[in-house]
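> Before anything else, here's the structure in question.
The values are calculated or read from the model by the stated rules, or taken from the named source; none is laboratory data. It should be emphasised that the depicted structure is a prediction, and the values quoted were computed from it without experimental measurement. Note that each Cβ is placed from the backbone with ideal geometry, even for glycine, and that neighbours are counted across all protein chains shown.
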Amino acid sequence: MGIMDLIWLEDCVALADTLNFSRAAELRHVTQPAFSRRIRALEEWLGTPLFKRSRQGVQLTPAGEHFRTQATALVRSMHQLRSETLEVAGRSAPSLTFAATHALSFTFFPEWIRGNPQLAELGTFKLVSDTMRACERMMVQGGSQFLLCHHHPRMRLMLDPAQFRSVLVGGDVLLPLCAPREDGGPRWPLGERPNAKTAYLGYSADSGLGRILSGHAPLAPVIAKATPVFTSDLAATLLAMARAGDGVAWLPRSLAARDLADGRLVEAAPEAPTLRIPIEIRLFRPVARLPRTAEALWEFFAAAAPVPGAEPVAA
């Protein structure tokens with residue numbers, strides 16, 4: 001039996017996540033032929049196929065499903081072990097690494113950390129801002145100790161609840177917003193009988209906010225009858241387009257607060273409260289032990305009283 005390379009495990013996790021060789025190879029910054037060879041090398045080392053290839057796409061075999069869970073935990077453990085070893089050797093300063101979705105990176109995170117100055121004693125902070133899907137992948141692969149994101153109980157997560165847990169740290173609301181008319185009413189009004197000509201600004205599949213919207217049943221008939229005109233990963237991009245009058249977008253109130261206060265945005269359905277979606281802001285971490293400074297930060301927030309607006313959302 002030859003030597004197994006850690007890179008193969010990371011490749012396996014990427015392919016299990018995407019179930020697409022081209023996309024996984026792109027994420028791993030390698031050509032598809034080279035990526036395919038590394039997956040085959042891992043399967044040969046194990047002595048069994050992990051993936052079933054067919055014209056319909058790529059699927060995990062039963063052995064692959066089992067291996068994926070163990071490989072994910074092992075990759076994270078190896079990255080954490082390296083960080084802890086460098087810290088013990090005095091070759092790296094203690095750091096707390098957060099992955100956060102774009103909307104919270106701009107709004108919630110700076111005030112959240114600034115409002116708790118005692119945390120500065122724990123070490124330096126590193127924030128990586130990306131889409132929800134990229135942040136989840138970073139957590140799974142051990143690239144971050146914490147994930148800060150908007151959340152809803154009906155939201156689909158890539159994080160295995162047996163391997164990750166979370167604490168509620170804030171609250172928000174998704175509101176259907178658009179530019180106002182001259183009379184102050186919504187330029188793109190929504191209601192119980194939406195206009196088929198309503199321009200809809202939506203989120204991509206990689207967006208966590210998009211997953212929340214897709215799981216909210218009252219929105220289905222509204223969005224189905226609207227006309228999609230633009231899709232983006234970023235709430236900030238949809239905010240700018242809604243402000244410019246290009247359509248209606250469901251935006252976090254925390255992100256749009258200033259535009260609402262200044263009258264640049266208004267609710268597109270002020271008489272339809274079912275189209276407003278209360279959401280949580282949660283901090284996720286792995287169940288496995290973290291470095292001492294990261295554990296201290298977790299204990300601080302887990303023990304802290306809920307901040308204003310931080311109420312659990314019913315499923």
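> Just to be sure before I move on: is Val229 at pLDDT 90 or above and either touching a helix residue (DSSP H, G or I) at 6+ places or on another chain (Cβ under 9 Å) or aliphatic (A, V, I, L, M) (or both) in the structure I sent?
Values: at pLDDT 90 or above: yes; either touching a helix residue (DSSP H, G or I) at 6+ places or on another chain (Cβ under 9 Å) or aliphatic (A, V, I, L, M) (or both): yes.
Taking the combined requirement at face value, the residue satisfies it.
> Let me confirm something: among Ala16, Ala41, Ala63, Ala25, which residue is closer than 24 Å to Gly142 by Cβ and in contact with a strand residue (DSSP E or B) (Cβ under 9 Å, 6 or more places away or on another chain)? It would help to see each step written out before you state the result.
Details: Ala41 fails: in contact with a strand residue (DSSP E or B) (Cβ under 9 Å, 6 or more places away or on another chain); Ala63 fails: in contact with a strand residue (DSSP E or B) (Cβ under 9 Å, 6 or more places away or on another chain); Ala25 fails: in contact with a strand residue (DSSP E or B) (Cβ under 9 Å, 6 or more places away or on another chain).
Exactly one residue qualifies, and that residue is Ala16.
> Looking only at the stretch 27-52, which residues are of a type in the set (A, V, I, L, M), assigned to a helix (DSSP H, G or I) and touching a residue at least 24 places away in the same chain (Cβ under 8 Å)?
Pass one, the stretch 27-52, residues of a type in the set (A, V, I, L, M): 27, 30, 34, 39, 41-42, 46, 50.
Filter once more, keeping what is assigned to a helix (DSSP H, G or I): 27, 34, 39, 41-42, 46.
Passing the criteria: Leu27, Ile39, Ala41, Leu42.
Residue-by-condition table, conditions (1) free of Cβ contacts under 8 Å to residues at least 60 places away in the same chain; (2) assigned by TED's automatic domain parsing to the domain that holds Met158; (3) not aliphatic (A, V, I, L, M):
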| residue | (1), (2), (3) |
| --- | --- |
| Gly208 | no, no, yes |
| Pro221 | yes, no, yes |
| Thr227 | yes, no, yes |
| Thr231 | yes, no, yes |
| Val248 | no, no, no |
| Leu251 | no, no, no |
| Leu260 | no, no, no |
| Val266 | no, no, no |
| Pro273 | yes, no, yes |
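> Restricting the search to the stretch 95-143, which residues are in contact with a Leu (Cβ under 7 Å, 6 or more places away or on another chain), assigned to a loop (DSSP other than H, G, I, E, B) and closer than 30 Å to Asp259 by Cβ?
The answer is Thr107, and nothing else.
> In the stretch 190-205, how many are buried (at least 22 other Cβ atoms within 10 Å of the Cβ) and at pLDDT 90 or above?
Residues in the stretch 190-205 being buried (at least 22 other Cβ atoms within 10 Å of the Cβ) and at pLDDT 90 or above: 3 in total.
> Pairs please, first residue from the stretch 1-26 and surrounded by fewer than 20 Cβ atoms within 10 Å (Cβ to Cβ), second anywhere and assigned to a helix (DSSP H, G or I) and among the charged types (D, E, K, R), Cβ atoms under 6 Å, 6+ apart in sequence or on different chains.
Trp8/Arg38
This table checks each residue for (1) modelled with pLDDT of 90 or more; (2) in contact with a Lys or Arg (Cβ under 6 Å, 6 or more places away or on another chain); (3) under 27 Å from Leu27 (Cβ atoms).
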site: Thr101; (1), (2), (3): yes, no, yes
site: Phe109; (1), (2), (3): yes, no, yes
site: Gln118; (1), (2), (3): no, no, no
site: Val128; (1), (2), (3): yes, no, yes
site: Gln145; (1), (2), (3): yes, no, yes
site: Ser166; (1), (2), (3): yes, yes, yes
site: Trp188; (1), (2), (3): yes, no, no
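> Can you confirm whether the stretch 157-164 contains a residue that is surrounded by fewer than 20 Cβ atoms within 10 Å (Cβ to Cβ) and outside the structural domain of Glu111 (by TED's automatic domain parsing)?
no
> Which is in contact with a Ser or Thr (Cβ under 6 Å, 6 or more places away or on another chain) and either of a type in the set (D, E, K, R) or under 14 Å from Ala103 (Cβ atoms) (or both), of Leu251, Leu255, Leu239, Leu234?
Working: Leu251 fails: in contact with a Ser or Thr (Cβ under 6 Å, 6 or more places away or on another chain); Leu239 fails: in contact with a Ser or Thr (Cβ under 6 Å, 6 or more places away or on another chain); Leu234 fails: in contact with a Ser or Thr (Cβ under 6 Å, 6 or more places away or on another chain).
Exactly one of Leu251, Leu255, Leu239, Leu234 is in contact with a Ser or Thr (Cβ under 6 Å, 6 or more places away or on another chain) and either of a type in the set (D, E, K, R) or under 14 Å from Ala103 (Cβ atoms) (or both), namely Leu255.
> Is at least one residue of the stretch 59-68 among the basic types (Lys, Arg) and either at pLDDT 90 or above or in contact with a helix residue (DSSP H, G or I) (Cβ under 7 Å, 6 or more places away or on another chain) (or both)?
Of the stretch 59-68, the ones among the basic types (Lys, Arg) are 68.
Now drop any that are not either at pLDDT 90 or above or in contact with a helix residue (DSSP H, G or I) (Cβ under 7 Å, 6 or more places away or on another chain) (or both), which leaves 68.
For the stretch 59-68, residues among the basic types (Lys, Arg) and either at pLDDT 90 or above or in contact with a helix residue (DSSP H, G or I) (Cβ under 7 Å, 6 or more places away or on another chain) (or both): present.
> Any chance you could count how many residues in the stretch 59-85 are surrounded by fewer than 18 Cβ atoms within 10 Å (Cβ to Cβ) and β-branched (Val, Ile, Thr)?
Number of matching residues: 3.
> Could you identify the single residue in Met132, Met138, Met158 that is aliphatic (A, V, I, L, M), modelled with pLDDT under 90 and within 23 Å of Gly202 (Cβ to Cβ)? Even if it seems obvious, please write down each step before you answer.
Values: Met132 fails: modelled with pLDDT under 90; Met138 fails: within 23 Å of Gly202 (Cβ to Cβ).
Answer to the selection: Met158.
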